[in-house]
Structures are given as C-alpha cells and as structure tokens.
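Contents: one structure, followed by commentary.
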Amino acid sequence: MFRRLVVALSVIVATGVFVSAEARKKRTYSGDQLVVISEQDIDLGLDKYTIDVSKAKGAYKGIRVRNASGRLFDLSRVQVVYSDGSVHNEDRQIDMWQGERSRLINPTGDSRFVDQINIVQTPGNGRGRLQVLGVQDEDGRSMDRTGGGGRYSAPSTAPTTTTTTTPTGRPDEALSGAVPVKPTTEAPTTAAPGAATAGGDVLFGAQYVGFGVDRDVIRVGNEIGKFDKIRLRVLDNDIHINEIKVVYANGETDALAVNADIPKNSRTNWIDLKGDRFIKEIQMVYKSKPSFKGQARIEVFGQYADGWLGPQGEGRKYNQGWVLLGAQTAGFVGFDKDVIPVGRNEGGFRKIRVTVRDRAITLNEVNVIFTDGSQEMIPVRTRVDAGGTYGPVDLKGEKRASIDRIEAKYRSRFFDASARGKGAAIVEVWGQH
C-alpha cells in the first residue's frame, strides 16, 4: 500500500513539473517581448533632446532606455508622450554606462501607442547611441494606429511621477508635489555668492533654516548673468519646501516647487526656468524638520543660459567683457592641482585672468585645455593677494576652440595679515573674447 502511494505521488510530482515547464515555455513564447523601438546617435553635450517614435509599429506596455554605445548617459528625466495626449514623467537619476539599461518605465496593464520620448540629461562630452526599448505583447504587436489609437489603462503600482504642463509647454515642477534629488557631499559650498563653482554652477546664495517656518529672499541681480535653470542643495537636516518663487528682472514670477520634501545632504536635479532670464531674486518659504542636529543649510545655484559665455553672448556686455568661467577653493598644504570645468561656451576666448578672494595664494601654473584636445600651459609662480588679479594673459591663436576645463596649481598662503577670516582662498578664472 505504501509503495503504491509513493509511486502515485511520484507520478503526480513528475506530471506537475512537466506541466509547469510546458506552461513556462508557453508563457515565454506568447508573453511580453522587449523590442527596439528606436536607436539614435546622441550628442552627449546636449542638456535635452527629443526622440520621435511615432512611426514605431504596434503599441507598448512600458519602455526602457539603453546605452548602446558611448560613455556615460546621465539622465534626470525621461518623458513619455502617448498618442492620446497623456504624458508620463520619469523623474529620477538614470546613470548608464555602455551596455547598461534602465529599469522599466511606466508599466501599464494594456498596450499604448507612444509618440515621442523627451530626454533631459546632464551635459557631458562626446557622442553615444541611445536605444529606446518597448515591452510588447501579442495584442500590442497587432495594434494599428489607424484603428483609433491605443487603449489607456491606469499604471501599475510601480512608483511614477506625474506632472501637468504649463501654457509654455514646460513641465511644471510646482504641481508635482515632489522634487527629484540625488546625494551630495556634506561639505558646504565655499564659493562666494555670484561665483561659479566646479562644474560651472553659479552660487546665488545660502541660508540656514530654523525649526519654524522661514521665509527668505536671495537677491541675484542682472550683473551676475542670464540663467535658464536652477537647483537647490540641502545640508545638515531635512527640509520641507512650502514654496519657491523666482522673480525675474521684468517682474514676472515662476513658482517652481510647492510642498516638497528634500532630505539632508542631497541636491535637486536642474529645474527649467521659463526661458533665458535675468533673475532679480528667489523667494523661499520652508521649514526644517525638528531634530537634535539643528538647522538645515540650503544653497541655491543657477546654470548659465546657452550663449551667455559665447563670443556673441550677452555676457560680454558686462564686467568690461569678462565672464566668470569657474572657481575653486585653494588648500593650505602643498600645491593643489584643481580642475575647473567651464560651463557651456562657444569658444573664442582670447584672454584669461585669475582673481583671488578672501586670502592670498601662491599661483604656480595654469593650463587651459580646449574641447578639440589642444592645450596651452601658462607657467606662473607668483603671489596673488586677496582681491587681486593675475593677468590678463593672451591666449595663442586667432581663433580658439571652446574651453573644456582649466587645470591650475596653487595654494592659500597660511600667513596673510589681510585675509578675511580663517578660511582658504577662492580662486576664480575669468575669460574675455
């Protein structure tokens, strides 16, 4: 009896395994497939671009993006525009080295036609190839755009971010209730307000936030420059943003974030402004979350508008034609070899100068590296006092390529009776067309 029971159970288990295997094969055969919707050659120096997929055959239940070739794709937003006019914004950091792909973006229960993919990225160097991959089932493969458009279904429970669109067509972060962020270092920014930092960001100002609701105004002014993006950096404690409002020089305002939480030691992605603008001031209403760690520090940065650093840009109308290319902090021990990335520019700089703030430095060397790979070494070995300038230095050649970065060797002078405070020097590099 026992032997018969064992044999029967073995048959049942074997049959179950066979059926399960056959079922898996059937699901694999008839289930979802990942297909290439589009593959595009991309200039990694762009900050945004659009991929038209309206000619793709069939409908899709979600997409992925993949780095098919190139260095790093540093994406901060992937916007999916469907044929029925609905939009999904995937607001998260997607860093992809060659061969890597994103996780599924906006998975839906039913297949939908996709018209275009809008990408926002941190500008880099070189070119790459980006693939758009679609998840497609049998229904999606058989659907035809001429048959009345794709069916709409509510997204799955996967986390998504949905925004509305302003009359200008710009996704409005003010209505999203959330601001995408990524980690940053704990150290506060040492650049002076109005000065560019590593990477070309311009610090507008910094404030400390107490436990109650605070209202602050950071004044910017036309003399600093024209900007098309801003972002925030939060240190020491979490904060809750009630409202951020940008007031432009012409009196117009732009609400950028309402009721958004930003954790400590993080920075937001770049937030687009309404075109290229001179900023009068930035108004903020926020509160830090009570903890034993005390106040939160909030820093506000801007990114120069396209063309501001160009030979025909408006930047040459200010400061006798000198525009700030970048800034760094000089250490005290030994010669720091700092790399100062230069913001987006169209080249044509004929002169550079080095200006020093807060404390004297010993300047040892300046090396200008251009985007075409050429470089120009400027040996120096001299003292530059706080508030003083080295240069201007004429760059060689009648027409220069765009400046990619500037490498400089310097150190703060430890003994400096004229120093402002005990901090290190701020070293600024300026260019003139």
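Any read-out appearing in this document is the output of simple, stated calculations on the displayed coordinates, not a laboratory observation. Source: prediction; values computed, not measured. Glycine also receives a Cβ, built like all others from the backbone with ideal geometry; neighbour counts cover every protein chain displayed.
At a glance:
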quantity: Förster-model FRET efficiency, 30 Å R0, ARG101 and GLU407, C-beta, rounded to 0.05; calculated: 0.30
quantity: Among VAL81, GLN93, TYR60 the positive-end extreme of the charge dipole of the stretch 31-106 (Cβ point charges); calculated: TYR60
quantity: ASP41 versus THR185: modelled label distance in nm, points set 7 Å from Cα along the beta carbon direction; calculated: 3.8
quantity: Vicinal HN-Hα couplings computed from phi for the stretch 56-71 (Karplus, 6.51 cos²θ - 1.76 cosθ + 1.60; Hz; Gly/Pro x); calculated: 5, 7, x, 10, 9, 9, x, 9, 10, 10, 9, 7, 7, 6, x, 6
quantity: Simple label model, 7 Å out from Cα along Cβ direction - GLN207 to LYS48, nm; calculated: 2.6
quantity: Those aspartates and glutamates that a straight Cα-Cα span of less than 16 Å connects to LYS274, excepting residues fewer than 8 apart in one chain; calculated: ASP47, ASP172, GLU173, ASP228, GLU252, ASP254, ASP306
quantity: Restraint check, LYS61/LYS264; LYS57/LYS229; LYS182/LYS396; LYS229/LYS287; LYS182/LYS409, Cα-Cα greater than 32 Å; calculated: LYS61/LYS264; LYS57/LYS229; LYS182/LYS396
quantity: Spatial separation of Cα centroids for the stretch 212-287 and the stretch 68-98, in angstrom; calculated: 24
quantity: The stretch 33-162: translational diffusion in µm²/s, Stokes-Einstein, Kirkwood Rh over Cα pairs, 25 °C, 0.890 mPa s; calculated: 167
